[in-house]
Amino acid sequence: MSTITLQIVVNGKTHTVEADPATPLLYVLRDHLQLNGPRFGCGLAQCGSCTVLMDGNAIRSCSIPVQAVTETEITTLEGIAQDAESLHPVQQAFVEEQAAQCGYCLNGAIMAAVALLRRNPDPNDEEIRNDLHGILCRCGAQARMIRAIKKVKG
Amino acid sequence: MIPQTRRNFIKTAGSLTIGFSLGGIPLFPGVFSCSGEIPDTTRSSSSVNAWLEILPNGNLRVFTGKIEIGQGIRTAIAQVAAEELNMDMEKIEVVLADTDRTPNESYTSGSRSIESSAMSVRHAAAYARQKLLDLAAKRLNTSTDDLWIKNGKVGHKNDKKTVSFNDILGGHQIEDEVNLEVQLKPRADRKVIGKPVPRQDIYDMAAAAPVFVHNLRFPDMVHARVVRPPAYQANLKEADETALLQQFPKLLKVVRNGSFLGVISKDEYTSIRAQEFLKENTTWTVSEKLPDIKDGGLPEYLKSLPAKDETVVDKGNISKANADTSWIKASYFKPYIMHGAIGPSCAVGLYEADQLYIWTHSQGVYPLRETLSGMLNMPMENIHVKGVPGSGCYGHNGADDVTADVALLARAYPGKHVRLQWSRHDEHAWEPYGSAMILEPKARLSNSGKITHWEYDLWSDTHSTRPGGNPGRLLPAWYLDKPMTDNSDGYFGGASRNAEPYYRIPNQQVHTHFFHGPLRISALRGLGAYANIFAIESFMDELAEQAGKDPYDFRLMHLDDPRAKEVVEKLHKLTSTTSHPEGTGLGIAFSRYKNNAAYCAIAARVAVKDDNDIQLQKMWAVIDAGETINPDGLKNQTEGGMIQSASWTLKEEVTFNTQHITSRDWNSYPIFRFDEVPEVEVIIIDRPEAPPLGAGEAAQGPAAAAVANAVYHTCGKRVRRLPVNKYIKM
Ligand code: FES
Ligand code: FES
């Protein structure tokens, strides 16, 4: 394992990091940039806890090496709102619907929903369910999350 | 760093501290101790284990030993205190589990948080109000009847005079215990209790605030990983450390203690790679294999194990029932299932100057401290355990074990915060599971279709092996140079939770048969209630059919308790006034959790496709949990409980071979995904006059039976073995 210097764009800012280029993006975001949104759930691309946006599309940061994102723009849960004081409409809807229990999976659900609404501003029930297939929630808060996402019309 | 103790924490200004009891003590005036004055350094009354503190700025702080596990306890506690003291929610801080700051409240489990803690806090807050009014009355030279209290101020009803709490306390630190009859705010005046107050922590989580133990970061923190053995019973023969260090020269430390093997590095990914490398480059001897069980043979195998038999219910006369009259019989089976937290267990530890500081999402910081003290052979006073929220756990999962891992690693690498998060494989393969159970009811019906006789046999392993001071129950302790093991039984009693039906049956026996099964076991949401209610409520449906009755009517025929009847009737109304699509079927079930907590009736609607694929469309619950503190919190827990239970019921089963667990990730242990989750609807019957009842586990059992019954009513297949999706095809 040897480290190199890489530049990545996260939430609109360019960061220079020293890392093994094979390091999954998740650890760079969490450990180098101290971000809280993306979380480790499986490291196997099975649960979606680590979801971030790459050029606006939802990807699993646990399963993509940091070197593969240097030419892209990464957005995390921290970066979707207009500014630090406000919430993105999806975040707002999740709060209003109280769409969480423990909340560990919340990052994945919100980020996947943001990506979905960007492509499809008025998704129906089935489209939401199919699109969030990759996000696991063990507390059973999915029904609330679906309600929250439906509230946000693009 | 030295954590603040409670004492030096409050000895800063005038304050009023009310000690009270949290825990299983009935919440009626007069039961609190009457010790009067409390000495400065020690509490005289052993029943005082929580504090509520009025601060000079008029804010309130509540110390409780509970931990937030997604059940919204922080909000419920703040709500009841806000109610009694007429305070805005923002003025209330709730301090959760911390061995340096909060009382010893043992474990946060069994749905009792709201039932016990919130009610105790409410009494303490009401007592504080009384006390503040008394002090203010003296100061204003008037009677308490003429005073009002709001947001840290007391005022006179007839003139504009007000005094702040700070004035009232006059710089004194007053300590008292709840020791008088406490008058709670009358029902008609309540403004906060019973309202769907939103949880602040949901905002924080949605806004990416560092809520979880997983998000703790300290300067120079290092990352560890532990290399688990290939089997429960295994010894580490050789670990190629030279090759390891060649490959990973930046590793800070390799920790080996007997067969316990861990790595520490500055960089998290390096530790992960080193863990993977060691998995391939270590040799182990497996001293004991798991039993070789052919697919589907688990119930027979478990039944063949030596068992401890006991009769736990014996009513009327069963033996007089003629051997030749017909008994209706059935046998049900629930496999091992897992907690399956979405975030694998995580902890942080720091060992410095003989002191060990721990951050954990364990459900019991005090019992964990005691157990760590035993494992490390360290005085308890030198261990400081702070509870921090984690991923939802639903019982005793890997939280205590990962903390034990971190304690061992931090002690071997002093002076730095050591963080460890388990891998997905670690969590899936090493957490303690909910026990497999075999349930065999039989019954006789009268000519009019009433149940006259009921006999029920259940086979189960234990239902709790929480550490509770016993180091042999901490996973890494098994592998130390001087291994610690646990040969005790744990809490078998959990197996017979809800084993006795809540129905009027004159002649009844319940027999339990306890075995020690092959897998590691502990408490999972609802303990034995999930499987018992699945069996009893499936069987009630079978009996209803034999008796030629409608499933609703048949249950109502056997219920006496009017509150039980009401949830069933309300559900009936709900499902009969809803139109259901062609080709679908409904199933229902009822239970009163623990036979003394919340009442819950659940209906499920399914469609079953030609190839026996089940589509769970919708679930309804009617729940009566006594007085509702936060209706949205109760709904959230009940919705989540139904969805989780339906996932257990349709899909889940821990699998193993002779070596170890084979369901080691979300592909080999699938749970519900978004496209499988049913629509859910929850109706609450609020009873402001009745005590609040624990409800977090009330939906698990009836949800399971409702799903299985719905499958039967849709396609005619009675699936008695879980998971339903698998066994409907066999
Ligand atoms: S942590 Fe990336 S998908 Fe599970
Ligand atoms: S809210 Fe707990 S995992 Fe989704």
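Could you check A:Asn11 against (1) open to solvent by 50 Å² or more (accessible area, probe 1.4 Å); (2) within 16 Å of ligand 2 (Cβ to nearest atom); (3) not aromatic (Phe, Trp, Tyr) and say which number it fails?
The failed condition is (2).
Scan segment B:223-251 for residues that are within 11 Å of another protein chain (Cβ to nearest Cβ) and touching a strand residue (DSSP E or B) at 6+ places or on another chain (Cβ under 8 Å) and jot them down.
Selection gives B:His223, B:Phe248, B:Lys250, B:Leu251.
Please enumerate the residues belonging to segment A:34-54 that are away from ligand 1 (no atom under 12 Å from the Cβ) and within 11 Å of chain B (Cβ to nearest Cβ).
Of everything in segment A:34-54, those that are away from ligand 1 (no atom under 12 Å from the Cβ) and within 11 Å of chain B (Cβ to nearest Cβ) turn out to be A:Gln34, A:Leu35, A:Asn36, A:Gly37.
Which of the strands (runs of 3 or more DSSP E) contained wholly in segment B:149-197 include at least 2 residues that are touching a Ser or Thr at 6+ places or on another chain (Cβ under 9 Å) and not charged (D, E, K, R)?
Passing ranges, in order: B:153-156, B:173-177.
Please return the ranges of strands (runs of 3 or more DSSP E) entirely within segment B:403-461 where 3 or more residues are open to solvent by 10 Å² or more (accessible area, probe 1.4 Å).
In segment B:403-461, B:437-445, B:451-460 are the strands (runs of 3 or more DSSP E) which contain 3 or more residues that are open to solvent by 10 Å² or more (accessible area, probe 1.4 Å).
For segment A:59-96, give me the residue count where each residue is touching a residue at least 60 places away in the same chain (Cβ under 8 Å) and hydrophobic (A, V, I, L, M, F, W, C).
Qualifying residue count for the region: 4.
If B:Arg74 meets every condition in (1) modelled with pLDDT of 70 or more; (2) within 14 Å of another protein chain (Cβ to nearest Cβ); (3) crowded, with 24+ Cβ neighbours inside 10 Å apart from one, which number is that one?
All conditions are met except number (3).
Looking at segment A:1-24 only, could you name the residues that are more than 10 Å from ligand 1 (Cβ to nearest atom), within 12 Å of another protein chain (Cβ to nearest Cβ) and within 16 Å of A:Gln67 (Cβ to Cβ)?
A:Met1, A:Ser2, A:Thr3, A:Val17, A:Glu18, A:Ala19, A:Asp20, A:Pro21, A:Ala22, A:Thr23
Quick check, is A:Arg129 within 16 Å of the chain's Cα centre (by Cα) and surrounded by fewer than 21 Cβ atoms within 10 Å (Cβ to Cβ)?
Here the answer is no, as A:Arg129 does not meet what is asked.
Go through B:Lys294, B:Lys303 for me and flag whichever is open to solvent by 30 Å² or more (accessible area, probe 1.4 Å) and in a loop (DSSP other than H, G, I, E, B).
B:Lys294
Quick one: count up the residues across segment A:123-134 that are over 15 Å from A:Ala148 (Cα atoms) and within 16 Å of ligand 2 (Cβ to nearest atom).
Qualifying residue count, segment A:123-134: 2.
Would you check if B:Pro483 is without any contact (Cβ under 8 Å) to a residue 60 or more places away in the chain and of a type outside the set (A, V, I, L, M)?
In short, no.
Which of (1) among the charged types (D, E, K, R); (2) buried (at least 16 other Cβ atoms within 10 Å of the Cβ); (3) more than 30 Å from B:Lys237 (Cβ to Cβ) does B:Arg273 not meet, given it meets every other one?
For B:Arg273, the exception is condition (3).
Could you check segment B:536-571 and list, in sequence order, the residues that are assigned to a helix (DSSP H, G or I), among the charged types (D, E, K, R) and within 23 Å of B:Arg718 (Cα to Cα)?
Once the filter is applied, which keeps residues that are assigned to a helix (DSSP H, G or I), among the charged types (D, E, K, R) and within 23 Å of B:Arg718 (Cα to Cα), segment B:536-571 yields B:Glu537, B:Asp541, B:Glu542, B:Glu545, B:Asp553, B:Arg555.
Report yes if B:Asp401 is on the phi > 0 side of the Ramachandran plot, away from ligand 1 (no atom under 16 Å from the Cβ) and either over 17 Å from the mean Cα position of the chain (by Cα) or more than 14 Å from chain A (Cβ to nearest Cβ) (or both), otherwise no.
no
Looking at segment A:102-111 only, could you name the residues that are within 9 Å of chain B (Cβ to nearest Cβ) and either of a type in the set (A, V, I, L, M) or closer than 10 Å to A:Arg144 by Cα (or both)?
Residues satisfying the conditions are A:Leu106, A:Ala109, A:Ile110.
Find the residue count for segment B:176-189, including only residues that are under 26 Å from B:Ser15 (Cα atoms) and either of a type outside the set (Asp, Glu) or within 14 Å of another protein chain (Cβ to nearest Cβ) (or both).
Qualifying residue count, segment B:176-189: 7.
Considering segment A:121-142 alone, what residues qualify as being touching a residue at least 12 places away in the same chain (Cβ under 8 Å) and either more than 25 Å from B:Glu427 (Cα to Cα) or more than 9 Å from chain B (Cβ to nearest Cβ) (or both)?
Within segment A:121-142, A:Pro121, A:Asp122, A:Pro123, A:Asp125, A:Ile128, A:Arg129, A:Asp131 qualify.
Considering only segment A:82-101, state which residues are among the polar types (S, T, N, Q) and within 7 Å of another protein chain (Cβ to nearest Cβ).
If the condition is that a residue be among the polar types (S, T, N, Q) and within 7 Å of another protein chain (Cβ to nearest Cβ), then A:Gln91, A:Gln98, A:Gln101 are the ones that fit.
Going through segment A:14-41 one residue at a time, which ones are open to solvent by less than 10 Å² (accessible area, probe 1.4 Å) and within 16 Å of ligand 2 (Cβ to nearest atom)?
Those that are open to solvent by less than 10 Å² (accessible area, probe 1.4 Å) and within 16 Å of ligand 2 (Cβ to nearest atom): A:Gly37, A:Pro38, A:Arg39, A:Gly41.
Give the residue, chosen from A:Cys102, A:Cys62, that is in the same structural domain as A:Ile135 (by TED's automatic domain parsing) and open to solvent by 10 Å² or more (accessible area, probe 1.4 Å).
Answer to the selection: A:Cys102.
Please count how many residues of segment A:65-81 are open to solvent by 30 Å² or more (accessible area, probe 1.4 Å) and either within 14 Å of ligand 1 (Cβ to nearest atom) or more than 10 Å from chain B (Cβ to nearest Cβ) (or both).
So the answer is 7.
The values are calculated or read from the model by the stated rules, or taken from the named source; none is laboratory data. Everything numeric in this text was worked out from a predicted model, so none of it was measured. We place every Cβ from the backbone using ideal geometry, glycine too, and count neighbours over all the protein chains shown. Ligands, DNA and RNA are stripped out before the accessible areas are found, and what is left, the full protein with its side chains, is counted by its heavy atoms. Shrake-Rupley method; radii C 1.70, N 1.55, O 1.52, S 1.80 Å.
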